[in-house]
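Here is the structure we will look at, set down as structure tokens.
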Amino acid sequence: MPFERYALPVENHAVHVMERGQGPRTVLCIHGNPTWGFLYRQIATRLDPTRYRVVMPDLIGLGWSTRPQHAEAHTLENHGRWLGKVIEGLELEDYILVVQDWGGVIGLLGAERAAPPAGIVLLNTVVGPPRAGFKPTAFHAFARMPVVSEVVFRVAGFPQSMLGIAQGDSRSMKGAVGRAYRAPLRGLGRNAAPLALARMVPNSAEHPSIPLMQASQDFITGFGGPIAGVWGESDPVLGTVGSWIEKLLPQIRMVHTNAGHFLQEEVPGPIADAVEWVDRQLT
């Protein structure tokens, strides 16, 4: 079954969406920085299209959605609101929300503002603000270096040119797969989002993302539906966060793997299994 592709209007933007399947249960898959809905294709093809409708939008600024080139457009407030509009535009009800990387907080904020999901699957993401005494990772500290970060992100095409370094198996991001992630952001006029989204990560307790990340955490800790997780422990950025998520959400059904940050490319089977497990809890 081929993927359907279309543009969904959201405010003054166009959100690129891929879909597969026509089943009664919708699965909304939200990626993070700097990928796009392509990240979920292997999960979509593992799910029965007569049971599931898998919807994979590209965040505004990434993939084939509209790409604002002003860094100021990329705030957590804007992304949460935009995704809420996507959920409203798709008229989603009783759906399963699958999130990874920035897709976690953005997805939860969007759901809070539109229609809450029936179940949730977490994949190497954060769901709330950093813990007390946190320090930015080397990647996020580099993103705030003046001049050099602008050159490396916007001229050299970082980090989409080096996604393999975040993987358990670097070969998972090579060849045609790697080219697919680089393609939408090629060119100086198309790649503002990766740096802007890296700078959305807090570097202090006063960062403007903090209150919204707290709202995201409050939403998921108060969530009454089933929650599953699949974690890539070879992720150099979020590999250790899975254990903290388990403490925060003691009801979560967590599966640990040796995959890296973009675990959809390495362990799509366990992710599809997690979606099906959540679905069974709902039926």
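The values are calculated or read from the model by the stated rules, or taken from the named source; none is laboratory data. Please read these numbers as outputs of a predicted model, since none were measured by experiment. Ideal geometry is used to build each Cβ from the backbone, glycine not excepted, and the neighbour counts take in all protein chains shown. For the accessible areas, the whole protein counts, side chains as well, though only heavy atoms, and no ligand, DNA or RNA atoms are used. Shrake-Rupley method; radii C 1.70, N 1.55, O 1.52, S 1.80 Å.
I'd like the Kirkwood hydrodynamic radius of the stretch 177-225, using the inverse of the mean 1/r over distinct C-alpha pairs, in Å.
Taking every pair of different Cα atoms in the stretch 177-225, averaging 1/r and inverting gives 13.6 Å.
Straight-line reach from LYS135: which lysines fall under 28 Å, measuring Cα to Cα and dropping same-chain residues less than 8 apart?
The qualifying lysines are LYS247.
Can you sort ARG67, ARG199, ARG280 by 1.4 Å-probe accessible area, starting with the largest?
Result of the area sort, largest leading: ARG280, ARG199, ARG67.
Which percent of Cα-Cα pairs in the chain sits in each 5 Å bin, short to long?
Taking every Cα pair in the chain, the percentages come to 1, 6, 13, 18, 21, 19, 13, 6, 2, 0, 0.
Using only the Cα atoms of the stretch 135-283, each taken as one equal point scatterer with no solvent, compute I(q) by the Debye sum, divide by I(0), and report log10 of the ratio at q = 0.18, 0.22 Å⁻¹.
After summing over all Cα pairs, the log10 values are -1.26, -1.37.
Based on the Kirkwood radius over alpha-carbon pairs, what value in µm²/s does the Stokes-Einstein equation return for the translational diffusion coefficient of the stretch 1-152 at 4 °C and 1.567 mPa s?
Details: Rh = 16.1 Å.
Result for D is 80 µm²/s.
For the chain, what is the mean residue ellipticity at 222 nm derived from helices alone (per DSSP H run of n ≥ 4: -39500 (n - 2.57); sum divided by total residues; nearest 500 deg cm²/dmol)?
Result for the chain: -9500 deg cm²/dmol, rounded to the nearest 500.
Between GLY37, GLY164, GLY232, find the one with the highest GNM mean-square fluctuation for the chain; connect C-alpha pairs within less than 10 Å.
Looking only at GLY37, GLY164, GLY232, the largest GNM fluctuation is found for GLY164.
Out of the total accessible area of the stretch 101-242 (probe 1.4 Å, heavy atoms of protein only), what percent is carbon and sulfur?
60 percent
How much of the accessible area of the stretch 1-100, in percent, comes from carbon and sulfur atoms when a 1.4 Å probe is used?
49 percent
Students often check this: by mean Cβ neighbours within 10 Å, which of 165-175, 132-142, 256-266 ranks highest, and how do the rest follow?
Numbers: 165-175: 16.7, 132-142: 12.3, 256-266: 23.3.
With the highest mean Cβ count within 10 Å placed first, the list reads 256-266, 165-175, 132-142.
Tell me, what is the per residue accessible area of the chain in Å², probe radius 1.4 Å?
For the chain, the solvent-accessible area averages 40 Å² per residue.
Run the simple label-point estimate for GLN281 and GLU206 please: 7 Å along Cα→C-beta, distance reported in nm.
4.0 nm
Can you give the direction-averaged projected area of the convex hull of the alpha-carbon atoms in the stretch 117-163, in nm²?
That works out to 5.3 nm².
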